[in-house]
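Input: a single structure, listed below in structure tokens.
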Protein chains: 2
Amino acid sequence: MKATATAPANIAFIKYWGRKDHKLFLPLTTTNSMNLSACTAETVIEFGVSGGDTITITDNTGNSKEINNVPGEKDGMLYTTLDRVRQRTGVSDYAQVTSKLSFPMGAGIASSAAGMAAFVAAAYAAAGDMDTVNDREELSREIRLSGSVSAARSSHDGFTEHLYGETHEKAYTVQIAPAEHWDLVDLVAVLSPEEKKISSALGHSLADSSPFMQARLDYLNGKPELARQAILDKDFASLALLSEIDTINMHAVMMTSRPPAFYLSPASIDIMKNVISWREDQGLNVFYTFDAGPNPHVITTAAEAESVRKLLEKHSEVQFVLENHPADGVRITSHG
Amino acid sequence: MKATATAPANIAFIKYWGRKDHKLFLPLTTTNSMNLSACTAETVIEFGVSGGDTITITDNTGNSKEINNVPGEKDGMLYTTLDRVRQRTGVSDYAQVTSKLSFPMGAGIASSAAGMAAFVAAAYAAAGDMDTVNDREELSREIRLSGSVSAARSSHDGFTEHLYGETHEKAYTVQIAPAEHWDLVDLVAVLSPEEKKISSALGHSLADSSPFMQARLDYLNGKPELARQAILDKDFASLALLSEIDTINMHAVMMTSRPPAFYLSPASIDIMKNVISWREDQGLNVFYTFDAGPNPHVITTAAEAESVRKLLEKHSEVQFVLENHPADGVRITSHG
């Protein structure tokens, strides 16, 4: 009744914002991404404890927090997920959950994607339901139901795609290519943390209030397929163009919702402009993308990663840089 | 054959971006604005000189530049305008033009709006066509034809509106209210100048390449009328909401055009977030708006202008603040 799972966060090239269904967490578009080697979570779940479920998250700097069960808040989804696992597997025991991040909490890195993916896999493994763990498409559906499409993309190895689907059954993750397919590097430039005034969860529910939401969806038609092909062809320039347009389109929707969600900070804009200059003026293979937060993800090739990393580290607002290579998806590392 | 005209720049609350007709400079929407007391141009035009047209612009710091006649460039429009004035008035002489700005050139303040309005009025007055000068609607059409809808709004006093029209005849400026109607203050926070990679003129022609352009136009339906009513009612909160949404929508269109036009700088974003905090956390009557450039225009009331000005001047990236009150439009100050 005990299992350990690891899972990476990932960075999306074609992103999702807004949902078709807020209960099933069905996104409005197919999205694709690359798993991140340096942003992982390791989660241990043991059923059979007494007194109630407990969930603790620690990070690589020694910070830790207890996750309380507050219904309606994102953290509360972890408890909802435990209930769902118990319901599906017939286990009735309480669980003790400990999750350890390979990177600092609260730095604006998508910890939930790594954490949720490892959490769901470990929970099903600990409950003895290896069928769900081994069926990666089904596992991706279960991870999505825990509240995060981003996490659901970490169900498969390397470069992955979460398919648009109108029902729970039809919305799941597939692999585009394994990690060794393409030696892209994602340098996450971690900025001084700012208070996130609009959580991603709230932001998704506000997306429809932007006058540009439908235009974004119209624009997206065919774009995930182009990004998939760029990944398969290792076509850096095409992926760069698609991704930069996509992330700015998404942020344009965010900042025009009511209330507006401004996730980009002054330093985000500065680094974005630097990246354009490094590419256009210095000829580096480099592009930027932003999730729902201020930290630039600067994508480059393995050959140029060291040069770009040095450029990023020179920036006064960059606290540190996390260097990520394509990584495998979720794994059960210990069981029983 | 000599005349002097003065005209103010203005700040738009509902802005225009993109054009229905790039030759007639017909905008895609009605827009409205307030004339700016501290951002003016004084232009002297004398017909009857020999050797060719000459145009010189100086500013309040002593900088000056000769405007060369380069067809297709915005400055070249001044020569095109002289030709049009000669054609309409029967004057055949060359003109000597000197224009003096009340504010620094190259600081990202919309010098062309003030300069173009004064230029067109002075040219018609110097050519003896006072009918065109005194018919302010017709004057606004002529100013628009010189290349700037923004300039055309300075044809009338105080708070003005350039009406959407499908033909040259139907697109002209009217007054919403005189300058003394409402003691709004526009504090222009002038930042360190950045090279403007996409000129406004080029930007207008790129607007249609944004996937959000049509959605912006759909959104705008009815908004100029609401902004007009907010001005008439002196309803600060409504004007603030309409204007902030409008400027961010416009910048979302700009940054999603191909190529993207990123006019906002890191400091623009920082001050934008400060302004929101001054309003929401400190209760000040204040909102931001941005033209096609990085300088925040921070709109407030006369009662709070001094407090807001001090807050802006504390910002390390603000070079200086220009304090503007509602102003009259174009005037002929000397004639004959």
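Yes/no matrix, rows are residues, columns are (1) modelled with pLDDT under 95; (2) more than 17 Å from A:Thr31 (Cβ to Cβ):
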{"site": "A:Ala227", "(1), (2)": "no, no"}
{"site": "A:Ile248", "(1), (2)": "yes, no"}
{"site": "A:Arg258", "(1), (2)": "yes, yes"}
{"site": "A:Ala302", "(1), (2)": "no, yes"}
{"site": "A:Ala305", "(1), (2)": "no, yes"}
{"site": "A:Lys310", "(1), (2)": "no, yes"}
{"site": "A:Glu313", "(1), (2)": "no, yes"}
{"site": "A:Ala327", "(1), (2)": "no, yes"}
{"site": "A:His335", "(1), (2)": "yes, yes"}
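Residue-level analysis places A:Ile109 among those that are closer than 23 Å to A:Asn35 by Cα and in contact with a Cys (Cβ under 7 Å, 6 or more places away or on another chain).
Annotation: B:Asp93 fulfils all but one of (1) charged (D, E, K, R); (2) over 30 Å from B:Glu323 (Cα atoms); (3) free of Cβ contacts under 8 Å to residues at least 60 places away in the same chain; the unmet one is (3). Inspection of the range A:98-112 identifies no residue that is without any contact (Cβ under 8 Å) to a residue 60 or more places away in the chain, crowded, with 20+ Cβ neighbours inside 10 Å and not hydroxyl-bearing (Ser, Thr, Tyr). The single residue among B:Ala292, B:Ala327, B:Ala305 that is farther than 30 Å from B:Lys197 by Cβ, buried (at least 19 other Cβ atoms within 10 Å of the Cβ) and touching a Ser or Thr at 6+ places or on another chain (Cβ under 6 Å) turns out to be B:Ala327. Quick check: anything in the range B:306-319 at negative phi and either part of a strand (DSSP E or B) or within 21 Å of the chain's Cα centre (by Cα) (or both)? Yes, there is a match, as at least one residue in the range B:306-319 is at negative phi and either part of a strand (DSSP E or B) or within 21 Å of the chain's Cα centre (by Cα) (or both). Consider the range B:209-234 and keep the residues that are in contact (Cβ under 8 Å) with a residue 60 or more places away in the chain and within 13 Å of chain A (Cβ to nearest Cβ). The one that is farthest from B:Pro326 (Cα to Cα) is B:Met213.
Can you tell me which residue within the range B:235-248, out of those that are over 18 Å from the mean Cα position of the chain (by Cα) and without any contact (Cβ under 8 Å) to a residue 60 or more places away in the chain, is nearest to the other protein chains (Cβ to nearest Cβ)? Within the range B:235-248, the match that is nearest to the other protein chains (Cβ to nearest Cβ) is B:Ile245. Picking from residues in the range B:249-277 that are outside any helix (DSSP H, G or I) and under 16 Å from B:Pro296 (Cα atoms), the one that is farthest from the other protein chains (Cβ to nearest Cβ) is B:Tyr263.
May I ask you to say which residue of A:Lys196, A:Lys223 is open to solvent by 20 Å² or more (accessible area, probe 1.4 Å) and touching a strand residue (DSSP E or B) at 6+ places or on another chain (Cβ under 6 Å)? Sole residue among the options that is open to solvent by 20 Å² or more (accessible area, probe 1.4 Å) and touching a strand residue (DSSP E or B) at 6+ places or on another chain (Cβ under 6 Å): A:Lys223.
How about the range B:28-52: which of its residues are assigned to a strand (DSSP E or B) and more than 28 Å from B:Pro104 (Cα to Cα)? Correct list: B:Gly48, B:Val49.
Does A:Met272 qualify as being crowded, with 22+ Cβ neighbours inside 10 Å and without any contact (Cβ under 8 Å) to a residue 60 or more places away in the chain? Yes; evaluated as a whole, the condition is true for this residue.
Is one or more of the residues making up the range A:14-21 in a strand (DSSP E or B) and open to solvent by 30 Å² or more (accessible area, probe 1.4 Å)? Yes; the residues of the range A:14-21 include at least one that is in a strand (DSSP E or B) and open to solvent by 30 Å² or more (accessible area, probe 1.4 Å). When B:Asp135, B:Asp157 are screened for being in contact with a strand residue (DSSP E or B) (Cβ under 8 Å, 6 or more places away or on another chain), assigned by TED's automatic domain parsing to the domain that holds B:Asn35 and open to solvent by 10 Å² or more (accessible area, probe 1.4 Å), only B:Asp157 passes.
The values are calculated or read from the model by the stated rules, or taken from the named source; none is laboratory data. Nothing here was measured: the structure is a model prediction, and the numbers come from that model. Using ideal geometry, Cβ is built from the backbone for each residue, glycine included, and neighbour counts are taken over all protein chains shown. Surface accessibility is based on the protein's heavy atoms, side chains included, excluding ligands, DNA and RNA. Shrake-Rupley method; radii C 1.70, N 1.55, O 1.52, S 1.80 Å.
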